[in-house]
Amino acid sequence: MKLEKGRIGLKGTVLIMIGYIYGSTAILSPGVGVGQDAWVAQTIGLGLALIVVWVNTLLLARFPGQTFIEINERVFGPYAGKFISLLFLWYIFHLGSIVLIDHLDFVRLMIIPLTPAEVVVFLGILPCIYAAYKGLEVIVRTGQVLVVFTLLYFGLITLFQVQSYDFANFKPFLVTPFPKLAWAGLTAASFPYLETVVFLMILPFLNQQNKVRVAVYLGLFFGGLVVIWSIMRLILVLGDTAVNYVYPSYYAVRIINIAELLNRFEILAAMNYIMIGFLKVTVLLYAAGLGWAQLCKCQDYRPLLLPLGALMALVSLNNFEHVVGNFEFTTQVYSIYALPFSAGLPFLVLVGAWVRGLPGKVKNK
Amino acid sequence: MVFNKLKEKFKGLWADKKTPPPNQEEKKLLSRSLGKNEKYFRDTFNRCSDVIFRKFEVSVPDPVPVLMVYLDGLSSFIVGESVVRSLMNRYLKEKRRGDEPLAEHARDHLISVPEIKPEKDLGKLVDFVLSGDIILIMDGEPEGLVISSRGWEARSVSEPEAEPLVRGPRDGFTENIRTNTSLIRRRLKTSRLKLESLEIGSITKTAVIITYIDGIVNEKLVAEVRERLARIKTDSILESGYLEQFIEDNPWSLFSQVDVTERPDKVCGNLLEGRVAVLVDNTPFALIVPVLFLQFLQTPEDYYMRPFQASFLRALRLVTLNIALLLPSFYIAITTFHQEMLPTSLLLSIAQARSGVPFPALVEALLMEMAFEIVREAGIRLPSPMGQAVSIVASLVVGQAAVSAGLVSPAMLIVVALTAMASFSLPSSHATEAIRLLRFPIMFLAATLGLFGVMAGLLVILIHLCSLRSFGVPYLSPIAPLTLRDWKDVPVRAPWWAMFTRPRLIGYKEPQRQEFFQMPRPPKRRERKP
């Protein structure tokens with residue numbers, strides 16, 4: 001029984017990984033807490049993540065063509081395996097709801113302030129459900145268009161911001177005390193880089209299974225570069241004042257004004273945030289739907305998407321009382337909350353597989 | 001339960017429809033007696049005033065009665081005349097050998113017409129008469145002769161009216177499928193150009209030709225086209241639009257997944273890229289599959305112009321596509337929700353213009369868009385002298401008077417006019433069709449949720465486009481899936497010496513189309529000396 005018949009290519013996968021990683025960092029701009037050293041923290045985080053995802057690639061290489069849910073069941077048997085899968089599914093579901101509210105809070109605060117949150121959230125989840133319903137191939141193809149557009153937008157904004165760059169903002173270099181910096185690095189590793197754990201549900205459908213490792217590392221590396229560069233840009237343009245804004249990257253785009261001619265790019269920025277948030281939520285919703293279908297041995301994952309999406313929207317509405325709560329959660333609690341899921345679970349499963357010598361039969365062949 | 005009852009009730013109805021049509025008679029063969037045959041034909045063509053029966057005798061050397069049947073107006077008069085003259089010649093030199101059947105003798109020695117073949121089946125003979133051939137039946141012979149004489153009044157090759165070009169060949173397809181194939185064959189002088197012919201429609205018996213270049217085309221694609229065409233069971237194909245709706249991948253999509261053209265040069269260009277064209281008799285419009293969405297933004301002229309202008313025009317069409325789809329929605333969204341996005345002076349002038357207008361922006365936009373669609377439809381259906389009257393009435397009354405009466409703001413009039421011009425600037429009416437229809441739902445989204453609604457609508461359209469396939473090829477390729485090698489022909493148009501390869505997902509059987517490095521360079525110094 002194959003729930004997903006589509007096969008995805010290397011290029012598309014890497015591109016949607018870039019979009020996925022860039023996803024909510026575009027809005028939340030992680031690491032502004034450590035001021036001018038935020039980019040250092042991001043680099044440490046990327047380095048940490050590059051080491052940790054080694055576990056994921058080993059796991060995928062051991063069980064080619066099998067998703068995380070199937071691997072769990074193989075390694076730990078039906079009961080313990082299902083329990084671990086449930087933990088994983090809870091994590092990606094909850095992550096999806098957090099990403100959804102991140103982006104829709106932005107929409108609600110900056111674009112249509114008078115519209116009730118419920119309307120925005122439920123309209124926002126609809127395209128995600130539709131895309132997930134159409135299957136993995138369509139998600140990847142749509143994602144490619146969006147990511148290519150995002151990268152173009154990125155280049156354009158980088159170019160237009162040049163006049164506001166102030167390289168003095170990087171000084172003083174590395175004055176943050178090391179423990180604080182390490183903590184910021186750990187936070188950065190957890191958000192956004194280790195969120196790529198969800199690709200354990202998607203990479204098994206790569207058409208060249210021997211390139212899984214390449215896909216993971218290329219995606220993570222270039223995604224990391226995009227994020228680090230966006231943080232550096234923020235520091236260059238806003239400097240210390242970045243802390244003062246709810247959405248610093250939006251504000252940094254808003255102040256672009258070249259000769260009274262090239263201005264009001266914030267509409268592009270807003271469109272870009274919506275697109276990239278859509279991509280991230282879609283990937284998470286799809287993975288959750290596919291995971292639940294595999295967990296419950298359903299014939300098809302698609303009927304699960306509408307209820308899952310509606311639940312995701314509801315949970316996202318009740319996640320936080322207000323935007324500030326969201327920010328506090330993301331910067332202070334999230335990394336501790338997420339690490340057991342995003343790094344712990346794959347590690348646990350890999351150790352389990354190693355101890356049990358799985359998959360034994362495939363090796364003999 | 002009610003549903004089941006209804007189902008029971010209608011079961012009979014469906015069963016009736018499934019019974020095969022009654023024209024599946026047994027194969028009737030020609031009888032040896034001319035009288036019986038004549039009666040059959042006269043019964044078959046009863047009350048058909050355009051069928052001509054001509055009975056005469058051939059002496060070879062004994063007189064044998066012969067019946068000639070053909071359709072007046074569909075058969076060439078010259079061929080008919082030559083047949084009758086050669087058979088009624090009293091001084092036939094060639095004497096028939098005793099054992100040679102008369103039909104064979106007449107075919108090999110008497111009738112001086114290039115294409116001629118024997119046929120026994122009565123039903124087929126009737127079909128031949130109906131397609132304009134002359135049939136000849138002789139007394140005592142088990143076979144009749146079919147003499148190819150198709151020739152009727154037809155429109156001559158003229159400039160295609162729906163796709164005019166400034167630079168490029170001026171010939172377009174006609175209603176005659178043979179003329180059309182000859183127009184293609186004249187451009188592609190290779191035996192690899194294949195023309196597979198078939199017949200669709202139990203009453204119209206329309207000739208349909210699948211054409212492709214062997215070796216370049218993907219064989220699976222041809223097989224798929226053949227299979228989809230063979231699946232059609234209908235009584236009539238009057239235009240290629242019928243076929244198009246039968247063979248589309250996703251029939252419920254607003255976007256057309258088949259390209260339509262009446263230009264032979266466009267067909268040939270597409271065949272050379274590895275596509276398949278389907279020609280249909282009695283219409284100048286040929287179908288091309290598979291088609292990519294961005295092809296609708298291209299014209300054949302792009303390939304004849306210099307690359308810079310062509311690339312500029314392609315970029316321009318991308319812009320006009322977005323204007324045609326989004327401009328009214330953006331206007332509604334910005335004036336309703338996001339006034340801060342406009343520069344203050346512009347905002348003031350728009351607000352001033354809108355101050356007397358009694359409707360919200362959405363109603364205003366809907367009114368004007370509907371007026372525009374009505375004017376457009378009226379202009380197309382009317383004969384051209386009246387079309388001018390329509391345009392005067394439309395511009396004066398609907399435009400000028402509506403503004404001075406304060407019903408709509410001048411800004412909205414500009415927006416609607418620009419949208420209209422943008423949708424006219426797209427080369428293919430196939431592409432504009434979907435854009436024209438999608439404009440309205442997006443306007444509603446813009447009026448209720450501002451730019452977020454527009455964005456959500458755009459995302460849904462994008463997902464839909466990404467999920468479409470035209471005969472297996474992703475509709476948005478080469479953007480999604482990303483194929484950078486094909487970008488030489490999509491956002492820009494590279495010079496011809498740089499067009500090394502065919503589109504990767506379509507023409508991959510023979511990917512290279514020309515030699516590399518043919519960029520014209522000045523001659524080297526040594527060569528320049530005489």
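The values are calculated or read from the model by the stated rules, or taken from the named source; none is laboratory data. Model, not experiment: these values are computed from the prediction. Glycine also receives a Cβ, built like all others from the backbone with ideal geometry; neighbour counts cover every protein chain displayed.
Tally time: how many residues in the range B:255-277 are assigned to a loop (DSSP other than H, G, I, E, B) and surrounded by fewer than 23 Cβ atoms within 10 Å (Cβ to Cβ)? Steps first, please.
Going through the range B:255-277, the residues assigned to a loop (DSSP other than H, G, I, E, B) turn out to be B:255-258, B:262-263, B:273-275.
Filter once more, keeping what is surrounded by fewer than 23 Cβ atoms within 10 Å (Cβ to Cβ): B:255-256, B:258, B:262, B:273.
Of the residues in that region, 5 qualify.
Being hydroxyl-bearing (Ser, Thr, Tyr), surrounded by 18 or more Cβ atoms within 10 Å (Cβ to Cβ) and away from chain B (no Cβ under 11 Å) is the filter here, so list the residues in the range A:120-163 that pass it.
Correct list: A:Thr150, A:Tyr153.
When the residues of the range A:97-119 are filtered to those that are at the interface with chain B (Cβ under 7 Å from one of its Cβ atoms) and assigned to a helix (DSSP H, G or I), which remaining residue is nearest to the chain's Cα centre (by Cα)? It would help to see each step written out before you state the result.
Step one: of the range A:97-119, the residues at the interface with chain B (Cβ under 7 Å from one of its Cβ atoms) are A:107, A:111-112, A:115.
Filter once more, keeping what is assigned to a helix (DSSP H, G or I): A:107, A:111.
On the way: A:Val107: 19, A:Ile111: 23 Å.
That would be A:Val107.
Looking only at the range B:181-195, decide whether some residue is more than 30 Å from B:Leu30 (Cβ to Cβ) and in contact with a Lys or Arg (Cβ under 6 Å, 6 or more places away or on another chain).
no
Any residue that is modelled with pLDDT of 85 or more, farther than 14 Å from B:Phe41 by Cα and of a type outside the set (Phe, Trp, Tyr) - is there at least one of those in the range B:122-131? Let's see the steps before the verdict.
As a first pass, look at the range B:122-131 and keep what is modelled with pLDDT of 85 or more: B:122-131.
From the residues that got through so far, the ones that are farther than 14 Å from B:Phe41 by Cα too are B:131.
Now drop any that are not of a type outside the set (Phe, Trp, Tyr), which leaves B:131.
There is at least one residue in the range B:122-131 that is modelled with pLDDT of 85 or more, farther than 14 Å from B:Phe41 by Cα and of a type outside the set (Phe, Trp, Tyr).
Hey, could you check the range A:267-314 for residues that are within 13 Å of chain B (Cβ to nearest Cβ) and without any contact (Cβ under 8 Å) to a residue 40 or more places away in the chain and say which is surrounded by the most Cβ atoms within 10 Å (Cβ to Cβ)?
It comes out as A:Met271.
In the range B:171-185, which residues are in contact (Cβ under 8 Å) with a residue 60 or more places away in the chain and part of a helix (DSSP H, G or I)? Before the answer, list the steps.
So in the range B:171-185, the residues in contact (Cβ under 8 Å) with a residue 60 or more places away in the chain come out as B:171-177, B:180-181, B:183-184.
Once the filter is applied, which keeps residues that are in contact (Cβ under 8 Å) with a residue 60 or more places away in the chain and part of a helix (DSSP H, G or I), the range B:171-185 yields B:Ile177, B:Asn180, B:Thr181, B:Leu183, B:Ile184.
Take the residues in the range B:92-116 that are under 43 Å from the mean Cα position of the chain (by Cα) and of a type in the set (A, V, I, L, M), then tell me which one is modelled with the highest pLDDT. Walk me through how you get there before you give the answer.
Step one: filter the range B:92-116 for residues under 43 Å from the mean Cα position of the chain (by Cα), giving B:103-104, B:106-108, B:110-116.
Within this subset, residues satisfying the condition of being of a type in the set (A, V, I, L, M) are B:103, B:106, B:110-111, B:113, B:116.
Values: B:Ala103: 82, B:Ala106: 82, B:Leu110: 82, B:Ile111: 84, B:Val113: 84, B:Ile116: 89.
The qualifying residue modelled with the highest pLDDT is B:Ile116.
I'm trying to understand the selection: among the residues of the range B:196-215, which are outside any loop (DSSP other than H, G, I, E, B) and crowded, with 17+ Cβ neighbours inside 10 Å?
The answer is B:Ile200, B:Thr206, B:Ala207, B:Val208, B:Ile209, B:Ile210, B:Thr211, B:Tyr212, B:Ile213.
What residue, of B:Ser423, B:Ser349, B:Ser404, B:Ser345, is within 14 Å of chain A (Cβ to nearest Cβ) and of a type in the set (Gly, Ala, Ser)? Full working, then the answer.
Working: B:Ser423 fails: within 14 Å of chain A (Cβ to nearest Cβ); B:Ser349 fails: within 14 Å of chain A (Cβ to nearest Cβ); B:Ser404 fails: within 14 Å of chain A (Cβ to nearest Cβ).
Among B:Ser423, B:Ser349, B:Ser404, B:Ser345, only B:Ser345 is within 14 Å of chain A (Cβ to nearest Cβ) and of a type in the set (Gly, Ala, Ser).
Out of B:Phe330, B:Phe359, report the one residue that is in a loop (DSSP other than H, G, I, E, B), in the same structural domain as B:Leu407 (by TED's automatic domain parsing) and either modelled with pLDDT of 85 or more or in contact with a Leu (Cβ under 8 Å, 6 or more places away or on another chain) (or both). Step through it out loud before you land on a result.
Working: B:Phe330 fails: in a loop (DSSP other than H, G, I, E, B).
Only one candidate qualifies: B:Phe359.
Residues in the range B:236-259: is at least one of a type in the set (A, V, I, L, M) and closer than 22 Å to B:Arg314 by Cβ? Give the derivation first.
The first filter runs over the range B:236-259 and keeps only residues of a type in the set (A, V, I, L, M), leaving B:237-238, B:243, B:247, B:254, B:258.
Applying the additional criterion that residues be closer than 22 Å to B:Arg314 by Cβ yields B:258.
Looking through the range B:236-259, at least one residue is of a type in the set (A, V, I, L, M) and closer than 22 Å to B:Arg314 by Cβ.
Quick one: B:Lys509 ticks every box in (1) of a type outside the set (Ser, Thr, Tyr); (2) away from every other protein chain (no Cβ under 14 Å); (3) under 30 Å from the mean Cα position of the chain (by Cα); (4) assigned to a helix (DSSP H, G or I) bar one, so which box is it?
Status for B:Lys509: all satisfied but (4).
Residue-wise test of (1) out of contact with any Ser or Thr (no Cβ under 8 Å at 6 or more places or on another chain); (2) of a type outside the set (A, V, I, L, M).
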{"site": "B:Asp121", "(1), (2)": "yes, yes"}
{"site": "B:Val126", "(1), (2)": "no, no"}
{"site": "B:Pro142", "(1), (2)": "yes, yes"}
{"site": "B:Ile147", "(1), (2)": "yes, no"}
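If you check B:Ser156 against the conditions, is it surrounded by fewer than 15 Cβ atoms within 10 Å (Cβ to Cβ) and polar (S, T, N, Q)? Walk me through it before giving the result.
Values: surrounded by fewer than 15 Cβ atoms within 10 Å (Cβ to Cβ): yes; polar (S, T, N, Q): yes.
Taking the combined requirement at face value, the residue satisfies it.
Does the range A:275-323 hold any residues that are part of a loop (DSSP other than H, G, I, E, B) and either in contact with a Leu (Cβ under 7 Å, 6 or more places away or on another chain) or not aromatic (Phe, Trp, Tyr) (or both), and which are they? Working first, answer last.
Applying the first criterion (part of a loop (DSSP other than H, G, I, E, B)) to the range A:275-323 yields A:296-301, A:320-322.
If the condition is that a residue be part of a loop (DSSP other than H, G, I, E, B) and either in contact with a Leu (Cβ under 7 Å, 6 or more places away or on another chain) or not aromatic (Phe, Trp, Tyr) (or both), then A:Cys296, A:Lys297, A:Cys298, A:Gln299, A:Asp300, A:Tyr301, A:Glu321, A:His322 are the ones that fit.
I need the full set of residues from the range B:96-117 which are touching a helix residue (DSSP H, G or I) at 6+ places or on another chain (Cβ under 7 Å) and surrounded by fewer than 15 Cβ atoms within 10 Å (Cβ to Cβ), in order please.
Matches in the range B:96-117: B:Ser112 only.
The rows are residues; the columns are (1) in a helix (DSSP H, G or I); (2) crowded, with 17+ Cβ neighbours inside 10 Å; (3) at pLDDT 95 or above.
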{"position": "B:Glu163", "(1), (2), (3)": "no, yes, no"}
{"position": "B:Val217", "(1), (2), (3)": "no, yes, no"}
{"position": "B:Lys220", "(1), (2), (3)": "yes, no, no"}
{"position": "B:Ser236", "(1), (2), (3)": "no, no, no"}
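Just to verify a result, which residue in the range A:1-54, among those that are among the charged types (D, E, K, R) and surrounded by fewer than 19 Cβ atoms within 10 Å (Cβ to Cβ), is farthest from the other protein chains (Cβ to nearest Cβ)? Walk me through it before giving the result.
Let us first name the residues in the range A:1-54 that are among the charged types (D, E, K, R), namely A:2, A:4-5, A:7, A:11, A:37.
This time we only want the ones that are surrounded by fewer than 19 Cβ atoms within 10 Å (Cβ to Cβ), so: A:2, A:5, A:7, A:11.
Numbers: A:Lys2: 19, A:Lys5: 14, A:Arg7: 11, A:Lys11: 6 Å.
Once the filter is applied, the top-ranked residue is A:Lys2.
When you go through A:Tyr193, A:Tyr245, A:Tyr250 one by one, which is the residue that is of a type in the set (Ser, Thr, Tyr), touching a helix residue (DSSP H, G or I) at 6+ places or on another chain (Cβ under 6 Å) and within 14 Å of chain B (Cβ to nearest Cβ)?
A:Tyr250
Mind listing whichever residues of the range B:222-234 are outside any helix (DSSP H, G or I) and out of contact with any strand residue (DSSP E or B) (no Cβ under 8 Å at 6 or more places or on another chain)? Steps first, answer last, please.
Our first condition is that a residue be outside any helix (DSSP H, G or I); within the range B:222-234, this holds for B:231-234.
Hits for the range B:222-234 are B:Arg231, B:Lys233.
Is there a residue being touching a strand residue (DSSP E or B) at 6+ places or on another chain (Cβ under 9 Å) and within 30 Å of B:Pro164 (Cα to Cα) anywhere in the range B:411-419? First the steps, then the outcome.
Within the range B:411-419, the subset touching a strand residue (DSSP E or B) at 6+ places or on another chain (Cβ under 9 Å) is none.
No; the residues of the range B:411-419 include none that is touching a strand residue (DSSP E or B) at 6+ places or on another chain (Cβ under 9 Å) and within 30 Å of B:Pro164 (Cα to Cα).
Of (1) part of a helix (DSSP H, G or I); (2) out of contact with any Ser or Thr (no Cβ under 9 Å at 6 or more places or on another chain); (3) more than 16 Å from B:Leu462 (Cβ to Cβ), A:Leu174 satisfies all except one. Which?
(1)
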